[in-house]
1. Does residue B:33 fit the bill of being within 9 Å of chain A (Cβ to nearest Cβ), at pLDDT 95 or above and more than 30 Å from residue A:194 (Cβ to Cβ)?
2. Assess whether residue B:152 counts as being over 20 Å from residue A:13 (Cα atoms), at the interface with chain A (Cβ under 8 Å from one of its Cβ atoms), touching a helix residue (DSSP H, G or I) at 6+ places or on another chain (Cβ under 7 Å) and surrounded by fewer than 24 Cβ atoms within 10 Å (Cβ to Cβ).
3. Among the residues in the range A:685-693, are any within 14 Å of chain B (Cβ to nearest Cβ) and farther than 30 Å from residue A:144 by Cα?
4. Is it true that residue A:109 is surrounded by fewer than 16 Cβ atoms within 10 Å (Cβ to Cβ), under 26 Å from residue A:42 (Cβ atoms) and either free of Cβ contacts under 8 Å to residues at least 12 places away in the same chain or in the same structural domain as residue A:44 (by TED's automatic domain parsing) (or both)?
5. What number goes with the only condition from (1) assigned to a loop (DSSP other than H, G, I, E, B); (2) surrounded by fewer than 21 Cβ atoms within 10 Å (Cβ to Cβ); (3) in the same structural domain as residue A:598 (by TED's automatic domain parsing) that residue A:521 does not pass?
6. Kindly establish whether residue A:43 is outside any loop (DSSP other than H, G, I, E, B) and more than 14 Å from chain B (Cβ to nearest Cβ).
7. When the residues of the range A:599-629 are filtered to those that are touching a helix residue (DSSP H, G or I) at 6+ places or on another chain (Cβ under 7 Å) and surrounded by fewer than 18 Cβ atoms within 10 Å (Cβ to Cβ), which remaining residue is farthest from residue A:744 (Cα to Cα)?
């Protein structure tokens with residue numbers, strides 16, 4: 001039989017989930033209102049590093065309306081601490097306590113929780129819990145923490161290193177011997193975070209009569225959360241149901257098992273009633289998940305013509321106080337070391353990789369995970385090299401790229417790049433930007449005392465990495481596959497149950513596009529569901545740009561199975577050969593004979609209600625299929641992109657204005673270009689925020705100086721320009737449909753593109769940046785420091 | 001022991017008279033969600049920065065997280081639930097849908113209310129005017145590109161309807 005002409009993949013279809021969001025008919029966790037609910041507020045450590053010497057709850061307990069209090073000693077005895085260990089031999093592990101006891105290791109760490117009639121009363125009571133601390137010296141400065149001799153975050157280790165690994169590939173010594181030019185510099189990215197607009201939120205509802213714990217959570221990973229909660233609380237997984245309803249953004253931040261959620265569940269189990277916790281902004285900024293604090297000292301062996309001969313990198317990542325579940329504390333460090341060679345042919349590579357414990361909020365995945373920092377380093381370094389050697393930043397990239405016809409390409413790191421269009425993408429970006437013309441305008445502006453700059457940021461992005469990659473990374477849970485069920489009911493309508501949660505990505509539309517096209521039914525006949533572990537098949541969830549490839553692939557496979565059943569049954573009922581039938585738009589007919597037809601609805605109805613008409617060996621259950629997909633070869637499929645930022649810097653104020661921002665991206669075959677555009681815009685905006693504004697600042701005693709949105713600046717519509725997006729489509733030769741992941745990519749390149757643009761603008765002043773963010777104060781400081789040095 | 005004092009409030013919410021008895025410190029955002037039962041009032045930062053909880057109070061945008069319920073006594077409140085009529089989306093809602101101007105949807109109600117106020121005051125805003133108008137509404141998903149486009153598209157539709 002022929003796969004029909006029903007075409008949805010590749011269409012710009014507006015999202016089917018939107019009406020409920022547009023009319024306010026949504027259900028986020030905060031909208032879950034169960035009878036008898038009490039509301040939780042946490043008591044948190046005001047110290048970065050201290051020992052709790054006493055904890056008094058008497059005054060809080062006496063407050064009317066207080067239903068229960070859980071303190072750290074009780075939580076320690078009633079739960080298994082969260083522990084996420086790498087399988088690397090060099091790993092040193094640690095427990096992340098549900099409530100800290102007796103040591104607290106970062107400002108904001110939870111030590112007790114109160115449940116009361118409403119949040120107002122819970123906060124009142126939380127203030128009455130008295131905790132006495134004996135402060136210890138805090139471990140804050142990253143590079144000092146990485147070296148021996150200072151205070152320790154975890155005493156038993158003897159140092160502060162979660163991980164200290166070395167990798168060496170190719171003839172590094174030879175590369176530096178042959179080098180005509182060596183460039184060495186340290187590049188830093190700063191602590192910032194994803195800040196989904198909806199913070200963490202959960203309602204735990206334990207029913208003592210059934211023994212069932214139902215947890216509504218704003219999570220990206222409902223099934224993994226179920227596993228983690230069951231492990232921590234000593235429950236069987238079938239006694240835990242996690243429901244992630246509408247979720248207000250995630251960006252990786254909500255892909256964790258949080259200690260607070262375990263504590264809220266424990267409190268519900270103690271009280272036998274629902275407990276609700278809605279995090280506030282200070283809690284989110286101080287104690288959720290931080291990201292991106294890296295220092296990379298790199299050395300590049302170069303020819304004078306700008307060819308890379310070898311690269312060494314000392315990668316140091318501030319992982320904060322604890323190892324986060326299910327990622328470990330190695331994710332950023334490992335990803336950065338993998339991707340620091342960028343999209344370039346590097347014949348020799350050596351790295352030391354350290355993940356360092358400090359008395360700060362734990363570091364976890366945020367859109368891009370290590371890649372924004374890696375791209376910042378290599379892309380900034382190449383611009384520095386180009387400036388030192390008198391080369392053009394576009395030319396030096398074209399000189400070193402993996403050529404567009406060299407795929408699949410095995411990189412020096414061992415990664416297999418499946419396909420990419422680096423050269424074509426950069427050329428398109430350069431031409432779109434009107435590069436030679438811009439250089440003339442820049443010269444004229446400089447003559448007039450204005451500082452314009454252009455910056456390129458390009459990358460290859462590993463997406464949808466599956467089994468082999470995660471085994472290599474040494475994580476305890478290998479995020480190797482995802483699973484989707486496709487079922488046809490007696491009305492001929494299709495239900496897709498997906499293990500991947502959608503919190504902005506648009507799965508209700510894009511997964512339906514895949515299923516409708518593969519099945520040959522109208523898009524409107526497909527409903528996509530997710531988020532409830534009671535109905536969705538077990539799977540990993542939404543992160544690492546994996547949904548379209550792994551979830552889409554699983555949906556593709558399951559649809560094909562159901563289509564085969566459908567056509568076999570129709571052939572039997574129509575007394576025709578399977579090969580003579582075609583299935584389009586919900587109708588099965590004999591090719592070239594439109595009078596011989598059945599609707600999908602008729603076939604489904606008869607199959608379910610008149611089983612005597614089914615052919616031998618087919619049962620109604622065959623109208624449903626559950627499939628897992630682990631995209632080969634398991635190392636990921638690679639998306640590429642070229643970003644161009646054109647900026648003007650006001651040298652009197654240090655203010656950076658983005659005049660133009662261009663993205664040329666290639667994520668293979670697109671399922672829905674409208675959704676792809678949205679993802680590129682959103683990722684790019686978060687990258688711009690990270691490059692220019694967002695900064696989680698700690699003082700040298702570990703106090704967070706940016707605990708509200710008055711200090712932690714999120715980009716507004718005045719900070720983000722009208723981002724121009726252009727697409728190339730180089731399909732993956734490996735994945736079903738040639739689809740690649742692309743959710744994170746936008747966030748990777750703005751860091752280097754903007755730093756390169758601002759450095760280009762200020763080149764006449766001899767200023768170039770090796771650290772972010774490019775806030776007015778920091779830009780001005782760099783200009784003035786340079787001015788002072790040259791006076 | 002007597003409980004904390006409570007205040008009686010009366011207001012109009014989306015055209016309907018609503019009465020309530022609340023502690024004096026209860027925020028309007030909490031009252032609208034918990035007592036009135038609206039799901040279109042979204043609260044994010046709770047300190048007046050992000051704009052997610054933007055509603056109309058007596059015809060003007062305001063942040064429901066910065067207003068005490070008692071301050072809204074006798075006020076006329078409009079939320080996103082008031083925009084669609086008889087199952088037909090308001091032109092601003094329709095434009096947001098057509099232009100893919102939302103992703104996770106958390107900022108959307110506040111963004112729509114701000115956009116509606118802008119278009120009432122300025123039927124033909126430039127791109128820059130749109131950006132200035134929504135600068136107090138943070139969106140973390142879209143990069144604002146499609147939001148700006150949608151608001152200008154809605155302006156054109158509304159101008160056409162007004163003619």
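1. Working: within 9 Å of chain A (Cβ to nearest Cβ): yes; at pLDDT 95 or above: yes; more than 30 Å from residue A:194 (Cβ to Cβ): no.
Against the criterion (within 9 Å of chain A (Cβ to nearest Cβ), at pLDDT 95 or above and more than 30 Å from residue A:194 (Cβ to Cβ)), residue B:33 does not qualify.
2. no
3. In the first step, residues of the range A:685-693 are kept if they are within 14 Å of chain B (Cβ to nearest Cβ); the result is A:685-693.
Filter once more, keeping what is farther than 30 Å from residue A:144 by Cα: A:685.
Looking for residues that are within 14 Å of chain B (Cβ to nearest Cβ) and farther than 30 Å from residue A:144 by Cα, one finds at least one in the range A:685-693, hence yes.
4. Numbers: surrounded by fewer than 16 Cβ atoms within 10 Å (Cβ to Cβ): no; under 26 Å from residue A:42 (Cβ atoms): yes; either free of Cβ contacts under 8 Å to residues at least 12 places away in the same chain or in the same structural domain as residue A:44 (by TED's automatic domain parsing) (or both): yes.
Criteria not met by residue A:109.
5. So the condition that residue A:521 fails would be (2).
6. Working: outside any loop (DSSP other than H, G, I, E, B): yes; more than 14 Å from chain B (Cβ to nearest Cβ): yes.
In short, yes.
7. Selected residue: A:613.
Per-residue answers, yes or no, for (1) touching a strand residue (DSSP E or B) at 6+ places or on another chain (Cβ under 6 Å); (2) surrounded by fewer than 22 Cβ atoms within 10 Å (Cβ to Cβ):
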{"residue": "A:83", "(1), (2)": "yes, yes"}
{"residue": "A:88", "(1), (2)": "no, yes"}
{"residue": "A:91", "(1), (2)": "yes, yes"}
{"residue": "A:96", "(1), (2)": "yes, no"}
{"residue": "A:105", "(1), (2)": "no, no"}
{"residue": "A:115", "(1), (2)": "yes, no"}
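The values are calculated or read from the model by the stated rules, or taken from the named source; none is laboratory data. Because the structure is a prediction, the values reported are computed rather than measured. Here Cβ is always computed from backbone atoms with ideal geometry, including for glycine, and neighbour counts include all displayed protein chains.
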